[in-house]
Every structure is written in structure tokens, then in C-alpha cells.
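Read the structure below first, then the notes.
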Amino acid sequence: MKKVQPHWGYLAGAAIGAGFTLAARRPPSKTNPLLLPGFFGGWLTNELVFHHYLWQTLASVGWIRAGALRHPAGWAALGLTAAQWAAMGQIVREVRATRSTVEDALIAGLGPDYRDALPNDASADDFDLVDPRSLLVPFRPQRHGVERLPNRVFAHHGGEDLRLDITQAVATLAGDRRPCLVYVHGGGWMTRNREHQGIPLMAELASRGWVCIRADYRLSPRHAFPAHLIDVKRAIAWVREHADELGVDPDQIAIAGGSAGGHLAALAALTPNRPELQPGFEDIDTSVFAAVPIYGVFDFRNRLGLRNTLEVQFLARTMFKQRYDDRGEVFHLASPMDQVHPDAPAFLVLHGQRDSLAPAADATHFAALLREAGARTVVDVELPGAQHAFDIFPSWRTLVTLRGVARFLEFARATRPGSAAPS
């Protein structure tokens, strides 16, 4: 087998790195055949930009020591590497802007004195105090002192068990009544990814004394909407029914989710206690005091024209079992934009500026509609440079952002109607 010349090896590696960096800075559009590889390459570069620097530096040193610069192709590779390092510098600046972006949004949505309403431990948080081990080894297991109790069956549908798992602090005092977060996984309404999503957020909240629940729901194309939403509500009802066992305060249940889970979380928060959406458990309260949809989908009627025809027709066939051209009532029901009302719970709408799968403009418009409807508490955060699924593992951007999410939830908890003053 012929040995790869160092200059060509260096140039090939530099080209791959440049492709990753370009995808991070300018994600492919939804009509681009390179959408999925471009998304994954750009997503990893955005959230692991310091690792990207490291591997390129090591590769450059290795190829140069092997003699790559003895050929013009090696010099071209070095120039390409230097150019992308400059572009990656902008990614670093965007990541570093996360703290101010999140804090400014909290101040805009909650008021300049919002920290006065927080418990002392949440108010004193330092956004920039991040465990360096999370940055060096971002895929390590969940945080020390937090446990996961998996595979509790909470519903049955036609021989199909729906399961949930519980994440909480290991040390819990008997008799404690803790707040609870129900987290809804993404996956395009068609794949089950419960075990691999929401880990950083749940670890953050569990370390603060929250009980966190991740639940399954029925999936398309086997099941049509609103089956997905009904199951999310069933999970909320299950938490209330088992509040004593879980040590949960039934008046302190919030909901969050990413992507398809963000859509379902927003919709569940906006449609509590509607009998047609909770068949068989109509009398159980399914309301929440706060919702955090993360890079969610908020409109199935495509009123802003941000989704291409093939995408909306595919979702219509697989998720709704209808023709998109008919745009029946179910499209209205499934769109959180159409369900906003003045009594909505507190909302934190969190999205990445460069999201190539769920347009950020939809999230901004959804937050604006909540405000126009007279919703009491609305925070809208658009993270500079962030892609879809930015929070899957604990990058620096993720950890700083989730500190803000925790502050929002503690504020919503402290200021919800009937709550006591913070301690």
C-alpha cells in the first residue's frame, strides 16, 4: 500500500477541518443535500471549538515534522489552517457572549431586580464558574451526587409500555417537597431518544434539589398527533399522582424539552386540563408553572414561510396522517403559536441563532405572540452562533446557558401565584 505523502495528508486534514468550520459559521440550508453532514460537523465544531483547535494544532505539528512544508501543498494546508483558525476565533467570541446574552434576556424578561426574588443559592451563582472537567471530557457521565432511577412504566397503550426515568440528588431529606421538571425528548416525533437527551439540564437542576423526569411518548408514523401530546400530559399526571412517593410538591411542576420535545413541552404548557387531550385522566391537573422549550417547533401552518414544501408535506403525512394542502384543525391544534393565551405559565424560549433545523425566527415570533396575548412572564433567548441540539452535552455554552435556565425556573417558582417569599 502506497504511503500517504505528508503534504497531501496535511492538505486533506486541513480541508476537512475547514469544512467543519464553514458548516459552523454558515450551516447548509434545508434544501442542501449536505444538510445532515453539515449540521453534525458544524454542531460539533461550535460546541467543541477548543477541541477543534487542539486536534488541528496536533495534526499540524505532526504533518510539519513529517516534512509537509517541503511541498507547496503543505504550505497551502498551513494557510488553510490559519484561515480557519481566524474564523474559529469568531466562534469563540460567540461562545463567550453567551453569559451576557442570557443575563440580558433575563433582565429584559424578568426585570433588573429579578435576582432579588431568587433563593440565596441561585442568586449567588457565578455564570462563569464551570467545572473544567466538563469542558475537557464533555461526554462523561452525569454529575457526582446525582442519581438516575430508570425504566418506571407510567402508561400502557395497546401492549406498548411507556417508561420514564427519574434524576435526583442522591442525598434527600425524608419529607422534603421538591420542585419537579418533566423533560420531553426530541427526535422528530419519530425516534425515541429519552436516555440521551436533557442530561446537562437535569444534572444542573437535580444538584439544586429538583426531581427531574424524562418520559417516553408514542411516536409517528405509527401513531398520529395528538397521541404524542396526550402521553406528555399523562407523564405530568403521573407525577402528580405519585407526588408523595417522589417527594414532589404537586404545585411546583415545570416542563422543558428540546426540538420535537420543545414543541410538545410548549403545547402541554399552553393546553392544560383540556379533556379531549387527556382521555382517561380528565380529572387530573396537568398544568405547569413554567415551560422551557429549547430549539422547539412552534408553527405547523408555516405562516412565516420558513419551511420548505417537502418538509411540511412529509410531516403532514407521517405525523398528522393528512394532506398538508388541507390544513385541517389538527394543524392549528399542534401549533403552539395558535394556542397562546394570557394565562400561559412562565415561558423561557431558548434557541440558537444559527439553528438550521428549526428556524430561530419562529421562536422569536412565538415569544412575541405570548407577550401580545398578555402572558405574565416571557423570556426570549437567542444564543449567538448556536446550532440545533447545542445542549446535548455539557459544553461551555451549554453549562452557562443552563445556569440561566435554572435562574429562570427559580424565579418562576418564587413568583408563581400563591408562592411564599424566597429564603
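Some observations on this one:
- Options LEU350, LEU306, LEU357; residue that is under 30 Å from VAL95 (Cα atoms), touching a residue at least 40 places away in the same chain (Cβ under 8 Å), assigned to a strand (DSSP E or B) and touching a helix residue (DSSP H, G or I) at 6+ places or on another chain (Cβ under 9 Å): LEU350
- Among the residues making up region 91-115, those that are free of Cβ contacts under 8 Å to residues at least 24 places away in the same chain and either farther than 23 Å from GLN387 by Cβ or more than 20 Å from the chain's Cα centre (by Cα) (or both) are ARG93, ILE107, GLY111, PRO112, ASP113.
- Scanning region 319-344 for residues that are more than 17 Å from ALA368 (Cβ to Cβ) and surrounded by 16 or more Cβ atoms within 10 Å (Cβ to Cβ) yields MET319, PHE320, GLN322, TYR324, ARG327, VAL330, PHE331, LEU333, ALA334.
- In region 362-404, of all residues being closer than 23 Å to MET337 by Cβ and among the hydroxyl-bearing types (Ser, Thr, Tyr), the one that is surrounded by the most Cβ atoms within 10 Å (Cβ to Cβ) corresponds to THR377.
- Residue selected from region 217-274 under the condition part of a loop (DSSP other than H, G, I, E, B) and among the basic types (Lys, Arg), by the criterion farthest from ALA389 (Cα to Cα): ARG274
- Boolean, PRO28 is assigned to a loop (DSSP other than H, G, I, E, B) and either surrounded by 16 or more Cβ atoms within 10 Å (Cβ to Cβ) or assigned by TED's automatic domain parsing to the domain that holds LEU383 (or both): yes
- Just one of the listed residues (ARG301, ARG317) is in contact with a His (Cβ under 8 Å, 6 or more places away or on another chain), of a type in the set (D, E, K, R), modelled with pLDDT under 90 and closer than 27 Å to ARG234 by Cα, and it is ARG301.
Conditions (1) touching a helix residue (DSSP H, G or I) at 6+ places or on another chain (Cβ under 6 Å); (2) in contact (Cβ under 8 Å) with a residue 40 or more places away in the chain; (3) at positive phi; (4) assigned to a loop (DSSP other than H, G, I, E, B), marked per residue:
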| position | (1), (2), (3), (4) |
| --- | --- |
| GLY296 | yes, yes, no, yes |
| PHE314 | no, no, no, no |
| THR318 | no, yes, no, no |
| ASP338 | yes, no, no, no |
| PRO342 | yes, no, no, yes |
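- Of the residues making up region 169-204, those that are in contact with a helix residue (DSSP H, G or I) (Cβ under 6 Å, 6 or more places away or on another chain) and of a type in the set (A, V, I, L, M) number 5.
- Subset of region 234-266 [farther than 14 Å from TYR217 by Cβ, surrounded by 18 or more Cβ atoms within 10 Å (Cβ to Cβ) and touching a helix residue (DSSP H, G or I) at 6+ places or on another chain (Cβ under 9 Å)]: VAL239, LEU246, VAL248, GLN252, ILE253, ALA254, ALA256, ALA266
- The condition (being touching a residue at least 60 places away in the same chain (Cβ under 8 Å) and touching a strand residue (DSSP E or B) at 6+ places or on another chain (Cβ under 7 Å)) is satisfied by just one residue among ASP251, ASP231: ASP231.
- Test: residue in region 148-157 that is in the same structural domain as VAL405 (by TED's automatic domain parsing), surrounded by fewer than 12 Cβ atoms within 10 Å (Cβ to Cβ), β-branched (Val, Ile, Thr) and at pLDDT below 85: no
The values are calculated or read from the model by the stated rules, or taken from the named source; none is laboratory data. These numbers were taken from a predicted model, which means no experiment stands behind them. As a convention, Cβ positions derive from the backbone with ideal geometry for all residues, glycine included, and neighbour counts pool all protein chains shown.
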